[in-house]
1. Take residue 88 and tell me if it is surrounded by 16 or more Cβ atoms within 10 Å (Cβ to Cβ) and either among the acidic types (Asp, Glu) or out of contact with any Pro (no Cβ under 7 Å at 6 or more places or on another chain) (or both).
2. Give me the residue from the range 242-279 that is part of a loop (DSSP other than H, G, I, E, B) and in contact with an Asp or Glu (Cβ under 7 Å, 6 or more places away or on another chain) and, out of that set, surrounded by the fewest Cβ atoms within 10 Å (Cβ to Cβ).
3. Six or more apart or on different chains, Cβ atoms under 6 Å: show the pairs whose first residue is in the range 232-261 and closer than 18 Å to residue 110 by Cα and among the acidic types (Asp, Glu) and whose second is at pLDDT 95 or above and more than 13 Å from ligand 1 (Cβ to nearest atom).
4. Scan (1) surrounded by fewer than 21 Cβ atoms within 10 Å (Cβ to Cβ); (2) within 16 Å of ligand 2 (Cβ to nearest atom); (3) on the phi > 0 side of the Ramachandran plot for the single condition residue 82 breaks and write down its number.
5. Between 197, 150, which is touching a Leu at 6+ places or on another chain (Cβ under 9 Å), at pLDDT 95 or above and not polar (S, T, N, Q)?
6. Across the range 15-59, what is the number of residues that are out of contact with any helix residue (DSSP H, G or I) (no Cβ under 6 Å at 6 or more places or on another chain), in a helix (DSSP H, G or I) and polar (S, T, N, Q)?
Amino acid sequence: MMEVVALDAPLGARIEGLDRASANEPAVAAKLNRALAEHLLVVVPGDRMTPEQTRVFSAAFGRPQKQLLRYKRSGGVPDVSIMVSTLMADGTTDKTAIRAEDWHTDDSYFAVPAKATLLHGIEIPSHGGATWFCNMHSVYEALPEATRKRIDGLRAIHGYDTPRARNRPSARTPEEIAETPDVEHPLVRTHPETGRRALYLNPNRLDRIVGLERAESDDLLDELADEARKPRHHHGHVWSVGDIVVWDNRATMHRVVIDYPMGETRIMQRVLIEGDKPF
Ligand code: OGA
Ligand code: MN
């Protein structure tokens with residue numbers, strides 16, 4: 001029988017004894033979703049799967065949603081993307097991997113961002129390339145009370161790119177540009193399943209706070225990000241081939257560390273799960 005084992009970390013649980021083929025049974029899916037809402041990150045060790053098997057498994061968490069960038073979608077199963085982040089001789093990797101080097105939550109440039117992201121390790125470098133996660137409930141709770149009062153009710157503009165981000169994102173086709181106008185989200189959001197509040201930050205996409213002068217907005221966003229950058233809120237996942245990792249984008253940020261050997265392949269399958277409008 002499946003067991004949820006909390007990690008000794010600020011977030012995360014390991015799912016043990018799960019037959020992945022049973023994930024869509026209602027009682028199993030409900031337990032997986034409860035574990036995700038409570039621990040914000042679930043790790044399901046196991047064997048490598050085909051894109052179609054991954055798509056079916058991911059449906060235990062909700063409806064798979066195609067990702068914006070068409071070129072990453074897997075031909076036969078477009079709900080599953082193939083993410084190649086092999087490090088090249090010139091020090092670059094795929095543009096989206098470079099972008100993922102700083103803390104972010106996925107797809108906050110959409111009015112209705114993804115609830116969760118699933119990554120499935122297909123090829124993993126011999127060392128390095130961990131994915132780090134940040135608990136945004138604990139970040140919110142660690143803020144001084146005066147700051148929590150100040151940001152209560154504030155809204156922020158997220159876009160596909162912002163000069164505040166450290167790296168530039170992949171280029172978009174005209175069709176993809178048309179799908180990504182700037183959007184507004186609350187700076188503090190409530191988790192729809194647990195009712196807990198989380199700081200909804202995204203240093204890669206969050207451009208400014210509505211109603212503040214640019215300098216004031218930049219200072220406040222930097223101050224909030226400083227709390228999120230503290231290691232006390234973090235846990236790193238060290239990948240094994242076949243791992244499935246699912247994180248809750250509503251109350252976490254994540255980043256990849258590009259410290260793996262040059263030329264060693266790093267390939268993940270990826271599925272986004274449809275979410276709700278943040279409130
Ligand atoms: C992502 C992402 C990090 C990684 O797929 O959204 O940020 O470790 N990936 O590949
Ligand atoms: Mn990401």
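The values are calculated or read from the model by the stated rules, or taken from the named source; none is laboratory data. Just so we're clear, the structure is a prediction, and the values are computed from it rather than from any experiment. So basically every Cβ, Gly included, is an ideal-geometry build from the backbone, and we count neighbours across all protein chains shown.
1. Values: surrounded by 16 or more Cβ atoms within 10 Å (Cβ to Cβ): no; either among the acidic types (Asp, Glu) or out of contact with any Pro (no Cβ under 7 Å at 6 or more places or on another chain) (or both): yes.
Considered against the rule, which asks whether it is surrounded by 16 or more Cβ atoms within 10 Å (Cβ to Cβ) and either among the acidic types (Asp, Glu) or out of contact with any Pro (no Cβ under 7 Å at 6 or more places or on another chain) (or both), residue 88 comes out as no.
2. Start the filter on the range 242-279 by keeping residues that are part of a loop (DSSP other than H, G, I, E, B), which leaves 242-243, 249-251, 257-266, 274-279.
From what's left, in contact with an Asp or Glu (Cβ under 7 Å, 6 or more places away or on another chain): 242, 249, 258, 265-266.
Details: 242: 15, 249: 25, 258: 17, 265: 13, 266: 24.
Selected residue: 265.
3. 248/36; 248/40
4. Unmet condition: (3).
5. 150
6. Residues flagged as out of contact with any helix residue (DSSP H, G or I) (no Cβ under 6 Å at 6 or more places or on another chain), in a helix (DSSP H, G or I) and polar (S, T, N, Q) within the range 15-59 amount to 4.
To keep it simple, each residue is scored yes or no on (1) within 18 Å of residue 259 (Cβ to Cβ); (2) touching a Gly at 6+ places or on another chain (Cβ under 6 Å); (3) away from ligand 1 (no atom under 16 Å from the Cβ).
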residue	(1), (2), (3)
102	yes, no, no
118	no, no, no
135	no, no, yes
140	no, no, yes
145	no, no, yes
151	no, no, yes
170	no, no, no
177	no, no, yes
